[in-house]
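**Q** Provided herewith is a single structure, encoded as structure tokens, for subsequent inquiry.
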Amino acid sequence: MRNGNKSRIVRLILCAVILAILIPMGLFTKLFSAEDLKNITRFDFSVIAKLLVMIFAVIAVETLIVFLLGIPNPKNHRVRSVLSIVSSIMKYVAAIVILCWGLSIIGVNISTIVASVGIVALIVGFSAESLISDVVTGAFMIFENQYNVGDIVEVDGFRGTVSNIGIRTTCITDTGDNVKIVNNSAMKNILNRSDKLSRSVSDIGIPYETDLEKLEEGIPGLLQTMYENHKDVMKSVPRYLGVQELADSAVVLRFVVDVDEKDIFSGARLLNHDLLLGFRQLGVECPFPQVDVHNK
């Protein structure tokens, strides 16, 4: 028998023992009478049927609404965020409707409960401060358009795409399909990298003996060819910025290209690949570290 099943059985036995002790004590102290027990145990099957029909109906409507909200796949990140948070809210609305409607079916006076909402809200406010903070912070983030579903963000060093925004939490998925779930109140110091084009960088070295001026004459044509071959990733012709570093074994040249944030790493790989092959066509071989040994 698994540990989970054992713990459930232990809890069940414990509850039975507690009831077996409390019921006789209640009768003995006249806390309640035998007639009260009869009223509690007198089930009205029509009420139970109404409860079941109501619960299944509310769940079915909530499921249908969430399904319909998931059918469209808009490209606009703002619209996707609104659909995501509405789907999240629907689950809480369904739970509240089931609770209130169920109490009214049983015969509980809902108006009495509503009248005491002020006291209950005060108690809940103190006991669920973090929950309220998550909800309020999430609402402000949506209204202020700080980030949306589909945006690439960085939070506490974790970089990924916002895959879902709920009323309490935000889900961020990285390139390895790892999902980080962050409470909305913890979404601070966010770096939203989707607002503007990003820039892929490539630093490539050439030997010191290379004729730099001659090489620079052939670079514009090489960069134009690279852009023509990779228009799906590169948003503009790559740019040559000049000599970045005079390293130990090479003169390091820097190249950059504008790309979408989601292509920032693939853009750098394309730059490295095409520059290596292009420099070879121009007669320049990229150097590697070498050690000269001199014997006396």
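The values are calculated or read from the model by the stated rules, or taken from the named source; none is laboratory data. None of the values given here were measured: they were computed from a predicted structure. Virtual Cβ from ideal backbone geometry, glycine too; neighbours counted across all protein chains shown.
**Q** Of the conditions (1) out of contact with any Phe, Trp or Tyr (no Cβ under 9 Å at 6 or more places or on another chain); (2) exposed (fewer than 13 other Cβ atoms within 10 Å of the Cβ); (3) assigned by TED's automatic domain parsing to the domain that holds Leu215, Leu241 clears all except one; give me its number.
**A** Failed condition: (1).
**Q** Which members of the range 202-219 meet the condition of being touching a residue at least 60 places away in the same chain (Cβ under 8 Å) and either exposed (fewer than 14 other Cβ atoms within 10 Å of the Cβ) or in contact with a Lys or Arg (Cβ under 7 Å, 6 or more places away or on another chain) (or both)?
**A** If the condition is that a residue be touching a residue at least 60 places away in the same chain (Cβ under 8 Å) and either exposed (fewer than 14 other Cβ atoms within 10 Å of the Cβ) or in contact with a Lys or Arg (Cβ under 7 Å, 6 or more places away or on another chain) (or both), then Pro207 is the only one that fits.
**Q** Restricting to the range 83-95, name every residue that is more than 14 Å from Arg168 (Cα to Cα) and either surrounded by 17 or more Cβ atoms within 10 Å (Cβ to Cβ) or outside the structural domain of Ala60 (by TED's automatic domain parsing) (or both).
**A** Correct list: Leu83, Ala94.
**Q** Just to be sure I understand, how many residues within the range 150-181 are of a type in the set (Val, Ile, Thr) and within 15 Å of Glu261 (Cβ to Cβ)?
**A** Qualifying residue count, the range 150-181: 8.
**Q** Do we find a residue being in contact with a helix residue (DSSP H, G or I) (Cβ under 7 Å, 6 or more places away or on another chain) and either part of a helix (DSSP H, G or I) or of a type in the set (Ser, Thr, Tyr) (or both) anywhere in the range 205-219?
**A** Checked against the condition, which is being in contact with a helix residue (DSSP H, G or I) (Cβ under 7 Å, 6 or more places away or on another chain) and either part of a helix (DSSP H, G or I) or of a type in the set (Ser, Thr, Tyr) (or both), the range 205-219 yields no hits at all.
**Q** Working carefully through the options Ser236, Ser249, find the one that is assigned by TED's automatic domain parsing to the domain that holds Asp203, at pLDDT below 90, under 28 Å from Asp174 (Cα atoms) and polar (S, T, N, Q). Spell out how you get there, then give the answer.
**A** Numbers: Ser249 fails: under 28 Å from Asp174 (Cα atoms).
The unique qualifying residue is Ser236.
**Q** Test Val293 against the stated conditions and say whether it is assigned to a loop (DSSP other than H, G, I, E, B) and of a type outside the set (Lys, Arg).
**A** Against the criterion (assigned to a loop (DSSP other than H, G, I, E, B) and of a type outside the set (Lys, Arg)), Val293 qualifies.
**Q** Of the conditions (1) assigned to a helix (DSSP H, G or I); (2) modelled with pLDDT under 75, Ile48 fails just one. Which one is it?
**A** So the condition that Ile48 fails would be (2).
**Q** I want to confirm something. Restricting to the range 60-78 and keeping residues that are more than 23 Å from Ala139 (Cα to Cα) and loosely packed, with under 13 Cβ neighbours inside 10 Å, which single residue is modelled with the lowest pLDDT?
**A** Ile71
**Q** Surrounded by fewer than 18 Cβ atoms within 10 Å (Cβ to Cβ) and either in contact (Cβ under 8 Å) with a residue 60 or more places away in the chain or in a loop (DSSP other than H, G, I, E, B) (or both): which single residue out of Asn189, Asn164 fits that description?
**A** Going through Asn189, Asn164 in turn, the sole match is Asn189.
**Q** Among the numbered criteria (1) modelled with pLDDT of 75 or more; (2) within 21 Å of Arg168 (Cβ to Cβ); (3) of a type outside the set (Gly, Ala, Ser); (4) surrounded by fewer than 15 Cβ atoms within 10 Å (Cβ to Cβ), which one does Glu129 miss?
**A** Only one criterion is unmet by Glu129, namely (1).
**Q** Against the condition in contact (Cβ under 8 Å) with a residue 40 or more places away in the chain and either of a type outside the set (A, V, I, L, M, F, W, C) or in a loop (DSSP other than H, G, I, E, B) (or both), how does Asp248 come out, does it pass?
**A** Working: in contact (Cβ under 8 Å) with a residue 40 or more places away in the chain: yes; either of a type outside the set (A, V, I, L, M, F, W, C) or in a loop (DSSP other than H, G, I, E, B) (or both): yes.
Yes: the conditions hold for Asp248.
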